[in-house]
Amino acid sequence: EFVELTKKYQKMMKPTDWLVIDFISPAWDAVQAWYVEQVFGRDIDAYFVDRRKAKAKNDLEGDTDWKVINKAYYAWCSIWLKTPGHVFATAPVKPVGDRDDAATKQLYALHGVKPEGQKKLSHQFHTVLMMGRKRTGEFTMSTVKDRERREVDKAEVKDFALDYLLKIGQWRPVT
């Protein structure tokens, strides 16, 4: 479903269009569920309950299962990475952990959290912004990474197009 929908929108897109993926994280869960259904013939919840009852140590094997799951996930990613327009994706966050690779730890250590989803999701975008909210209700934005643009730390955001795209990204309105 993710592949079919993304291909549909990709065909309609022009260089000035936006593909918004809100939230991107469920795609990773969906690929895993699809894989378990295809290979084991049952839904992922039943699969993991059965594995737990059997006290199995390895739920899915690295060389056989995760290779295929990752390839299926990246088949979808390759579509939106090649869209002729802009891609804007949102994701909930989860804590940076001991099992994260060194590059992820280095990139997200300052913030203590990273995007939830496939482990390489953190590195697939040119720009990563951490959005937040103050106790008083104002939204803020901090740069995690951005290409050749000034970084911001908890800058107030009222309008993303004005406050980031125009002011920081140096975009110019189409006239």
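Note down all Cβ pairs under 6 Å where the first residue falls in the range 116-139 and is in contact (Cβ under 8 Å) with a residue 12 or more places away in the chain, the second is of a type in the set (S, T, N, Q), and they're at least six residues apart or on different chains.
E116/S25; G117/S25; S122/T104; M130/S142; G132/T140
If you scan the range 92-103, which residues turn out to be surrounded by 13 or more Cβ atoms within 10 Å (Cβ to Cβ) and either farther than 30 Å from A46 by Cβ or over 16 Å from the mean Cα position of the chain (by Cα) (or both)?
V96
Within the range 136-175, can you find the residues that are under 23 Å from the mean Cα position of the chain (by Cα) and of a type in the set (S, T, Y)?
Within the range 136-175, T140, S142, T143, Y164 qualify.
What are the pairs, 6+ residues apart or on separate chains, where a residue within the range 89-110 that is in contact (Cβ under 8 Å) with a residue 40 or more places away in the chain has its Cβ under 9 Å from a residue that is assigned to a helix (DSSP H, G or I)?
A89/W80; A89/L121; A91/L121
Just so you know, all these numbers are worked out from the coordinates, no wet-lab data involved. Since this is a predicted model, take the numbers as computed values, not measurements. Positions of Cβ are generated from backbone atoms using ideal geometry, with glycine treated the same way; all protein chains shown enter the neighbour counts.
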